[in-house]
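Following this message is one structure expressed as structure tokens.
Here, each number is a calculation from the coordinates, and none is a lab measurement. None of these values were measured; they are calculated from a predicted model. Here the Cβ positions follow ideal geometry from the backbone for every residue, glycine too, while neighbour counts run over all protein chains shown.
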């Protein structure tokens with residue numbers, strides 16, 4: 001095969017909490033499921049260039065110091081970690097703890113000649129997502145740059161409607177603007193990665209492919225015509241391994257992890 | 001809200017009635033697993049237009065009667081079923097039992113204004129895939145037709161190498177040619193669905209989404225740079241995908257796991 005130029009793990013929605021026993025109404029603590037996924041990632045048979053976390057790193061942390069506590073929970077990850085804010089994150093604190101080198105909660109970085117743009121779609125204390133005009137202009141500049149580097153875009157919210165009322169009420173409200181902006185770099189955009197919905201899904205439109213990672217914690221399920229939220233008791237927690245190859249291709253492998261033995 | 005044009009289920013690699021597989025460690029009963037998946041699909045609350053099975057319906061079945069038996073199992077699906085041959089199928093028996101209205105093991109059908117092209121990549125008694133010149137010409141005709149109907153393409157084998165030695169000996173030999181052909185219909189091509197690899201994964205090439213369904217039987221795992229022989233994934237559950245096409249050009253592929261226990 002055309003050789004791999006980049007291989008990374010996409011994880012999402014760890015929902016880590018300062019209370020070690022936190023599990024909401026779920027079967028497992030979010031700490032225990034995150035630990036299970038970290039173990040699986042560290043055991044991946046080939047080295048991963050980095051881990052990309054598409055938000056809801058924390059579960060509504062009340063103080064900046066909580067992020068320091070939560071950061072220690074992922075310190076055992078072998079590859080470097082990149083995170084972006086979700087609706088349950090505090091974007092200022094997240095940035096200050098995880099990427100203080102960037103002035104804004106959205107940022108871009110480059111590894112092995114691949115550009116990765118990390119968006120901030122969070123709205124303080126709201127569950128839906130918005131991209132402010134300033135950020136959209138920043139993304140537009142990336143997408144219209146005279147550049148032939150492969151581009152991966154990451155964000156928390158689902159940009160396109162799922163046809164499911166409850167989930168769509170918390171989607172990225174101006175997803176259409178995002179989509180139109182990405183189309184300007186259609187040949188460079190290799191994939192768009194998101195989380196938020198706690199469901200493994202691929203969405204394709206106009207040659208742009210959007211892929212979600214499941215939550216590392218609990219899973220939901222949606223369908224076209226759905227009204228209320230629905231949990232999935234069967235769908236597995238896990239992550240994706242994304243490989244970009246020199247011929248311009250992308251392979252996204254779904255990896256499932258065992259739910260932890262200790263709840 | 002864009003309206004769904006079509007919602008269908010993608011399943012693959014039922015491998016009836018292998019047990020146990022001669023070349024692998026002890027594996028679960030494929031019949032019980034297929035039945036668990038069928039039951040799960042039938043219990044979905046939304047309308048399902050059809051079920052698309054991307055091959056390895058049977059596991060080297062000895063005669064056509066066994067295909068009739070397999071059809072009896074798959075007929076428990078509430079939705080209509082469309083199948084294509086995999087490397088473990090006998091394409092003549094499969095066609096005769098499941099789609100005798102077609103003269104060739106490849107065919108296309110239309111449902112609610114969506115065109116579905118079902119390829120035959122099987123090569124008798126070989127694990128890899130090929131597409132004959134004649135079939136490629138047929139596909140080219142579909143891909144260059146002056147049509148704006150949404151197009152879904154289904155095949156058994158993976159068109160592109162995974163970078164995994166054991167699996168990549170079994171790709172479609174002319175995968176790039178097939179891809180180039182499909183690109184001629186890029187504007188209406190919604191997705192390309194395949195199976196064979198027993199792993200939930202997707203390829204993205206030139207903006208085209210290629211998505212597998214997992215096997216309903218057991219899962220394998222691959223990774224870039226893998227050498228050696230097949231590795232069973234004893235964590236990933238069997239399952240299927242829900243594919244929805246909406247009127248705004250969006251294709252959504254949802255992953256569903258099924259607990260066979």
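Compute the FRET efficiency between residue A:60 and residue A:92 as 1/(1 + (r/R0)^6), taking r as their Cβ-Cβ distance and R0 = 25 Å, and round to the nearest 0.05.
0.95
Report the rotationally averaged projected area of the range B:169-261 based on its alpha-carbon convex hull, in square nanometres.
Averaged projected area of the range B:169-261's Cα convex hull equals 7.2 nm².
Note down, for the range B:35-165, the three equivalent ellipsoid semi-axes (square root of 5 times each alpha carbon gyration tensor eigenvalue), biggest first, whole angstrom. Walk me through the numbers on the way to the answer.
Values: eigenvalues 106, 88, 46 Å².
With the √(5λ) rule applied to the range B:35-165, the semi-axes are 23, 21, 15 Å.
For the range B:4-257, what relative contact order do you get, as a whole percent, if you take Cα pairs closer than 8 Å and at least 6 residues apart?
Reported as a whole number, the value is 21 percent.
For Cα pairs less than 8 Å apart in space and 6+ apart in sequence, what is the mean separation divided by the residue count of the range A:114-263, i.e. the relative contact order in percent?
This gives 19 percent for the range A:114-263.
Using the number of other C-beta atoms within 10 angstrom as an exposure proxy, rank A:132, B:199 with the fewest first.
Values: A:132 13, B:199 22.
Going from sparsest to densest Cβ surroundings: A:132, B:199.
What nm distance separates the two modelled labels at residue A:183 and residue B:259, each placed 7 Å from Cα along Cα→Cβ?
It works out to 4.3 nm between the two label points.
How large is the Rg to Rh ratio of the range B:4-257 when both quantities use alpha carbon positions and Rh follows Kirkwood?
On the way: Rg = 16.9 Å, Rh = 18.1 Å.
Answer for the range B:4-257: 0.93.
Using Cα pairs closer than 8 Å and at least 6 residues apart in sequence, work out the relative contact order for the range A:82-129, in percent.
44
Still on this structure, I have one more. Rounded to whole Å, give me the distance from the Cα center of the range A:185-263 to that of the range A:27-54.
For the range A:185-263 versus the range A:27-54, the Cα centre distance is 15 Å.
Hey, how many Å between the Cα centroid of the range A:160-175 and the Cα centroid of the range A:110-144?
So the separation of the two Cα centres works out to 18 Å.
Suppose R0 equals 51 Å; then what is the FRET efficiency for residue B:130 and residue A:176 from their Cβ-Cβ distance, rounded to the nearest 0.05?
E between residue B:130 and residue A:176, to the nearest 0.05, is 0.75.
Same structure, new question: What distance in nm lies between label points placed 7 Å from Cα along the C-beta direction at residue B:103 and residue A:246?
4.6
Still on this model: Considering only the range B:103-251, what is the antiparallel percent among its DSSP beta bridges, to the nearest 5?
50
Looking at the protein assembly as shown, what % of its DSSP beta bridges pair antiparallel, to the nearest 5?
Around 60 percent of the beta bridges assigned by DSSP in the protein assembly as shown are antiparallel ones.
Please work out the C-alpha center-to-center distance from the range B:141-200 to the range B:47-120 and express it in whole Å.
18
Hey, another quick one. Express as a percent, rounded to the nearest 5, the fraction of DSSP beta bridges in the range B:4-257 (both residues included) that run antiparallel.
On the way: 25 of 47 bridges.
Rounded to the nearest five, the antiparallel share is 55 percent.
I've got another one for you. Write down the Kirkwood hydrodynamic radius of the protein assembly as shown, to one decimal in angstroms, obtained as one divided by the mean of 1/r over all alpha carbon pairs.
Working: mean 1/r = 0.0430 Å⁻¹.
23.3 Å is the Kirkwood radius here.
Quick one: Cα convex hull volume of the range A:4-256, Å³ per residue? Intermediate results must be reported in sequence, preceding the final value.
Details: hull volume 29.9 nm³, N = 253.
Once divided by residue count, the hull of the range A:4-256 is 118 Å³.
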